[in-house]
Amino acid sequence: MMERILQSPAKYIQEAGLISSMDEYVQRLGSAPFFIGTASGIARIEEKLGMGRGSSEMAFRFGILSGECSKGNISKLLEAAEKAGCDVIVGIGGGKVIDTAKAVSYYSGKPLIIAPTAASNDAPCSALSVLYDDNGVFDEYLFMRSNPDMVLVDTELIAKAPVRLTVAGMGDALATYYEARAVRRAGKNNQLHAKPTMAGYVIARACHEVLMADGIRAKEDIEAGRITDAVENVIEANIYMSGVGFESGGLAAAHGIQKGMTLIPELHEALHGEIVACCLVCQLIMEGAPREELAEVTSFCRKVGLPVRLSDFGLTGYDDELIEAVARKACAPGATTFNMPFDLGWRDVRDAILMANSEEFLTETMG
Ligand SMILES: [Zn+2]
């Protein structure tokens, strides 16, 4: 199979303050939007919605998500959207809200607008939704027919969110390049079960370029309340380049090991991208990456405040059994960990985790 596929949102729009023109954007797809968000999320942005350039008398309906992106919550919101006669689904919020809105759009067949309120992960642009049960345990993946019709990124809204979220998004985006590179070297498939296109790979690679050029400055600018080009570039890398880059470029060991790391109780409060950063270091060790490359990644992570080893999460000790369980889960059948350009097993993953957390490695990368 030599089929190459690239998939992306039909339209991606990024601007500080764009949320105030929501009605204008909705009009391009329909006339009766159904907004999905959390109660606190909606309260925070409700006033800003549709107060700007648009002049319509559009009625905004809201559906509140409380709890998980679960089948129960999805069907409740689906029913509400249909009862209200809505013709566009708008997901405005973080990861759970985005995944729920995607599912409601999928089951209703209505067009979808995604407006992320943080740049912490690469969910907004993809055609994938992660469903959980009502207790927060992974249920299944839902694959959409297509990516969102429109992704609206209000950089002002995102810059006002805690900076830790954008930093976590940098961890996710940084891994995107190295994972796409591994997939390409291995001749493996992307997340669309096809070979990556050149464009998919180049977009993934651009995540690295943008973060190296602007990552540290973007963090400082956000902390100082400035929305600069560096901030705009990093938000685009976190949301668009990383989203399209992982889906069309492919995932490898970093995300595979991240799944295993969810077994560590101390990491349950950590953000996805923070764990991914730590796992990226393990991937690079397994690859036998050159010293300069490892040093570039670890020094970037330290400068922006991303964890590179388990002790950075406050983990003081761990036993061999736990690390073995993490490594085994990272190597579950079908795991993206196997998308590396060499054969590997759980022992290789375990060794890489132990190496990444050793004193020897610490002095080597600091030196
Ligand atoms: Zn990710």
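Taking each residue of segment 100-123 that is free of Cβ contacts under 8 Å to residues at least 60 places away in the same chain and over 14 Å from residue 70 (Cα atoms) and looking for partners that are in a helix (DSSP H, G or I) and within 16 Å of the ligand (Cβ to nearest atom) with beta-carbon atoms closer than 6 Å, six or more apart or interchain, yields 118/165. The set of residues in segment 262-283 being surrounded by 23 or more Cβ atoms within 10 Å (Cβ to Cβ) and either more than 14 Å from the ligand (Cβ to nearest atom) or over 16 Å from the mean Cα position of the chain (by Cα) (or both) consists of 281, 282, 283. When residue 323 is tested against (1) in contact with a Phe, Trp or Tyr (Cβ under 8 Å, 6 or more places away or on another chain); (2) farther than 20 Å from residue 171 by Cα, exactly one condition is not met: (1). All told, residue 149 meets the bar of being surrounded by fewer than 22 Cβ atoms within 10 Å (Cβ to Cβ) and not assigned by TED's automatic domain parsing to the domain that holds residue 313.
Residues in segment 240-252 that are aliphatic (A, V, I, L, M) and either closer than 19 Å to residue 293 by Cα or within 12 Å of the ligand (Cβ to nearest atom) (or both): 251, 252. The residue list 208, 255 contains one member that is touching a residue at least 40 places away in the same chain (Cβ under 8 Å) and within 16 Å of the ligand (Cβ to nearest atom), which is 255.
Screening residue 169 with (1) within 19 Å of residue 114 (Cα to Cα); (2) within 16 Å of the ligand (Cβ to nearest atom); (3) free of Cβ contacts under 8 Å to residues at least 60 places away in the same chain gives one miss only, at (3). All of (1) of a type in the set (A, V, I, L, M); (2) more than 16 Å from residue 144 (Cα to Cα); (3) at pLDDT 95 or above hold for residue 10 with one exception: (2). Within segment 152-166, the only residue that satisfies the criterion of being within 16 Å of the ligand (Cβ to nearest atom) and either hydrophobic (A, V, I, L, M, F, W, C) or more than 17 Å from the chain's Cα centre (by Cα) (or both) is 165.
Residues considered: 194, 115, 173. Of these, the only one that is out of contact with any Leu (no Cβ under 8 Å at 6 or more places or on another chain), small (Gly, Ala, Ser), on the phi < 0 side of the Ramachandran plot and modelled with pLDDT of 95 or more is 194. Out of contact with any Phe, Trp or Tyr (no Cβ under 9 Å at 6 or more places or on another chain) and either touching a residue at least 60 places away in the same chain (Cβ under 8 Å) or closer than 18 Å to residue 328 by Cα (or both): is that true of residue 263 in this structure? Here the answer is yes, as residue 263 does meet what is asked. Only one of these conditions is not met by residue 204: (1) closer than 27 Å to residue 263 by Cα; (2) crowded, with 24+ Cβ neighbours inside 10 Å. Which number is it? So the condition that residue 204 fails would be (1).
Yes or no: residue 139 more than 16 Å from the ligand (Cβ to nearest atom), at pLDDT below 95, outside any strand (DSSP E or B) and more than 16 Å from the chain's Cα centre (by Cα)? No. Being among the aliphatic types (A, V, I, L, M) and in contact (Cβ under 8 Å) with a residue 40 or more places away in the chain is a description that applies to residue 231.
The values are calculated or read from the model by the stated rules, or taken from the named source; none is laboratory data. Here the structure is a predicted model, which means the values were calculated and not measured. Heads up, the Cβs are rebuilt from the backbone with ideal geometry, glycines too, and the neighbour counts pull from every protein chain shown.
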